[in-house]
Amino acid sequence: MKKIVLTLLFFCTFFFGYSQLKIESCQEKAKANYPLIKEYDLIAKSLEYTISNANKAWLPQLSVTGIAGYMIKGMPAMPGAGDKKDYIFVGIAQVNQTIYDGGAIKANKNIAKASAEVDKANVDVAFNTIKDRVNQLYFGILVVDEQLKQLNILNDNLLRNLNSVKLSKDNGLGYQSDVDEVQAEILSLEQRKIEYNYTRKGYVEMLSYMMGESLDENIQLDIPLTVENYALMENNRAELNVFTSQLKLNEATHALDKVSLLPKVGVLAAGIGITPGISLGASEMSSLALVGLNTSWDISGLYKSSNNKQLEKIQKDRIIAQQEAFLFSNNLELKQAESNIEKQKAILAKDDQIVLMKEKIKKSYQLKKDNALASMNDLITAMNNESEARSNKALHNVQLLMSLYNYKTIKGN
């Protein structure tokens, strides 16, 4: 039982230690790490406070006014004020409770919601660039990995030939120049590997920075699956949500214009205090209380109604025109991306034949070299040609995947 547990622990450690990083995980982490992600919470909080302020319009509104002054010399004295009382103070307290506002509060809340949707959609647009950058780095690392893999295969072939020519030289059947040629080629190959390794390290560091987490420079990346039926994908570009949200905001704003044409009804309570009191013959008035309904109707909106309708239509037409312009450019990008995908497929279809032929040529030169019918330089050239063909095939495979994911990104998926 102890052996079984130890074995399971070993395999678990192996699996998690060598788990591969997936492109979707990189995209999600880069988005979460991008400072603009905070905008989502800020937009939500702003909307919450705006709607809360709009709802407060239903609360009773209290206003208090105080007026104090002196009688202007030469004017008749206030009745009951006496000869010595040349001042007056009036206090007015008024409470208004809205009963019907014509839909103004609801319209303002709709405008706030629509405006928040526009802001969120604009933030989503910014993340398109982040996703594209992650894709470039991710596939850049995969390209380097494939090139290094082919260089390692070539290095193994060169080492085998180096051992062979050393043995031939030691037996008096070979030349030191053959050994030197192979060693020089191995050194050149090591230079290329150093260059690729530093390039890979730079890509990993940039990807690590974008994701906001430390990545080992030897991290292994998962090779994404080929995207099937890419042309049937739905267009989910964030810009389209921007235009949709802008149209809703325009509609909500126009609804507020309609509200301005309607009367407003509320309950009014007012209290007035006057000192000194005003004599009204047999009685004196020092306070007054009023309760009732108040109605207001600002007809200035009627003068602007026709113009506002035209402005709303113009704004709507502008948004639609911008949407059509974006779709035109987006479709152009998609056609170019689709053409690039088909080109990559056509190129890749020939790679197997080229690799097979280069391999046959290399084997032929290997046989000629073994029989002293070809020089070491000829064999090295043939080996390099085969390695280049295999590298090109690997490169074209990754380029096809990159083109497919580029198509996805252009279409907002």
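The values are calculated or read from the model by the stated rules, or taken from the named source; none is laboratory data. Here the structure is a predicted model, which is why all the values come from computation and not from measurement. Neighbour counts run over all protein chains shown; Cβ positions are idealised from the backbone, glycine included.
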Out of the residues in the range 220-268 that are outside any loop (DSSP other than H, G, I, E, B) and among the hydroxyl-bearing types (S, T, Y), which is surrounded by the most Cβ atoms within 10 Å (Cβ to Cβ)? S245
Exactly one of M357, M402 is crowded, with 16+ Cβ neighbours inside 10 Å and either over 30 Å from N161 (Cβ atoms) or assigned by TED's automatic domain parsing to the domain that holds N235 (or both), and that one is M402
Name the one entry in N377, N340, N307 that is in the same structural domain as H396 (by TED's automatic domain parsing), closer than 25 Å to R237 by Cβ and either surrounded by 12 or more Cβ atoms within 10 Å (Cβ to Cβ) or more than 25 Å from the chain's Cα centre (by Cα) (or both). N340
Tell me, which residue of the range 104-141 that is among the aliphatic types (A, V, I, L, M) and surrounded by fewer than 17 Cβ atoms within 10 Å (Cβ to Cβ) is modelled with the lowest pLDDT? A126
Among the residues of the range 310-317, is any surrounded by fewer than 11 Cβ atoms within 10 Å (Cβ to Cβ), more than 18 Å from F243 (Cβ to Cβ) and in the same structural domain as N122 (by TED's automatic domain parsing)? yes
From the list K169, K201, pick out the single residue that is of a type in the set (D, E, K, R), at pLDDT 90 or above and part of a helix (DSSP H, G or I). K201
Enumerated helices (runs of 4 or more DSSP H) restricted to the range 1-94, each holding at least 3 residues that are among the acidic types (D, E) and modelled with pLDDT of 50 or more: 38-55
